[in-house]
Structure formats: C-alpha cells, structure tokens
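Worksheet: the structure to be examined is printed underneath.
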Amino acid sequence: MSARLGTSFLVWLVVGIALALPAGLWLVQINMQAMTEDWQGRPGLSVYFGQGATATNIAEAKAVLEGQNTIESVRLITADEALLEFKRLSGLGDALELLEENPLPASMRAQFAEGVDGGVVDGLTGRINVLPGVQEVVVEKTWLERLNDISDVISRLSFVLAVLFGLGAVLVTASSVRLAIESRLEEPRVLKLVGATGGQVRRPFLYFGAVYGFGGGVIAAMLIVMTILVIEPPLQSLLGSYEQVLELAGLDARFLIILLLVGGALGVMGALLAVRQRLKDLELF
C-alpha cells in the first residue's frame, strides 16, 4: 500500500463514498423517526377562525371541542395574543405598529387523548369545519403520516443504495487486490511449491482487502461528519424558528464501529473474490 499510496487512497475514497451514501440516508431516517416518536398516537387539532368570526362563533367551537371525551385540552389563542407572538418571533414589531387593525385571526389548539381512533379525529374535524366563523381545520397527524411515508421511502432507498454501492465496493476492492496479485505472482507460486495451503496463500491478500475496507469506513465517517458540519448551521436555524434544538441521533460510537466492520467485510469479500478467480486461473489451487 505504501508503494502505491495514490491508488490506495483512491480505493479508500471510492469505498468510503459507497458506504457514506446509504449510511447517511440511514442517519436521516433515524432522526426523522426521532422527530415523530413523541407525537405518535397523539395528534393535535388546530382551528383557524376567519377575520369576521365573532366571540359567539369562537365560544361555540370551543364548547364543541371541550364537550368531547377524546379531547384532553383546549387552548384558545386570541387575535391579540397571536399578534404579540408574531411580533416576538418575526422581529417586525415596529412595522406592525403601523397597521390600523390586527390582520391575524384567532385560533384554537386542541390536544387529543392518547390512542384516539383516526375515525374519531376525521369525524370531529368535519364537524368543526362547518361551524360558522371557522375558516380552516388542520390535523397535525397529517404531516406526521407524510413524514412517516417519507421515512419509509428513505429506508427503502438506503437499502437499495446499500446493495448497489456495496457491490461496487466489493468490485473495486477485488480489482485492487487483483492488481496486487499480478505484481506479486512469484510469492504465491513459491508458497505453493513449499507446501502452503490455500488458506495460507490467500490470507495476506485478505488482510490487504480488509485494510482497504477499514480505510473506506474511516473515509465514510469523515465524509458524513463533514456533511453534517456543512448543513448544521442552516438546519439549526430552521429548527430554531420552530423553537426546537438540533439533537442528532444515531451518530455515535456504535454507528462508527458498524461502519468500520461493514467496510472491512466488503473489503474481505472483494479480496476473496479476486484471489479465488486469479489463483484458480494460475492453477495454484
């Protein structure tokens, strides 16, 4: 490897990219699942009133929600409270002072009890939606279901990429080991002449493939960490706008160990493939 350091680095880079793509998607899936874990089974209901909604309309909608045994809590956000919160979050307080009237409507937030049936949610949504003064009813579970669908797509995509890029890593390692065999053909011949077994002849090249694989795992970890460092500032800003803190899940010692082991296994598989084919062609087995 030291004699062909440039070639070795290119092999490590190719194997690292092959490992980093599916591993990165797996991290994305883990974090998406973590985002929705605390919300599963507890959807919320947001009721947005129109500008012309009266206090009677708001009271009627609140009474309907509070009368349901499936509703755990109801919180009313008046138009004035909505405006104050918008001023605090947007930083446009001075500009909003110039408005003659409050452009924001009142809204209401209802929290369902744990384990509520989806049919009950849909039925209550339809009932609230036809009340006078109600402009829109949003069920928060809808975006969770979409997020779960996206997570499922990412999971399947990461599996497909893992298979395809894993095969690519095996073939790249096999080609590199084959070149190493070609440059040292005399050694396996001499070993075979002095009575070495097939395992003894193959073992140095399997070590060679394992080092390629482990090196690719290290490169993959570096690529993933660098990607996270690049996207962390805008991602933190996005989550901060929702008053959330970025807490990356999955990137721990266990993940790195698995990444190295998978890389080493792919390297050994590629080396075994190359050794078997080439040494068989040379009739050393």
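The values are calculated or read from the model by the stated rules, or taken from the named source; none is laboratory data. On a predicted model such as this, the values are computed, not experimentally measured, just so you know. When we count neighbours, we look across all protein chains shown, and the Cβ atoms used for this are built from the backbone with ideal geometry, even at glycine. Note: accessible area is taken over every heavy atom of the protein model, side chains too, but ligands, DNA and RNA are not part of it. Shrake-Rupley method; radii C 1.70, N 1.55, O 1.52, S 1.80 Å.
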**OP:** From the list Ala95, Ala55, Ala34, pick out the single residue that is open to solvent by 30 Å² or more (accessible area, probe 1.4 Å), at pLDDT 80 or above, among the small types (Gly, Ala, Ser) and out of contact with any Lys or Arg (no Cβ under 9 Å at 6 or more places or on another chain).
**Re:** Ala55
Original post:
In region 60-81, is there at least one residue being in a helix (DSSP H, G or I) and either closer than 30 Å to Glu232 by Cβ or at pLDDT below 80 (or both)?
Top reply: yes
Original post:
For the subset of region 172-186 comprising residues that are part of a helix (DSSP H, G or I), farther than 17 Å from Ala20 by Cα and not polar (S, T, N, Q), which member is nearest to the chain's Cα centre (by Cα)?
Top reply: Ala174
**OP:** Just name the residue that is nearest to Ala18 (Cα to Cα) out of those in region 187-219 that are open to solvent by less than 70 Å² (accessible area, probe 1.4 Å) and of a type in the set (Phe, Trp, Tyr).
**Re:** Tyr212
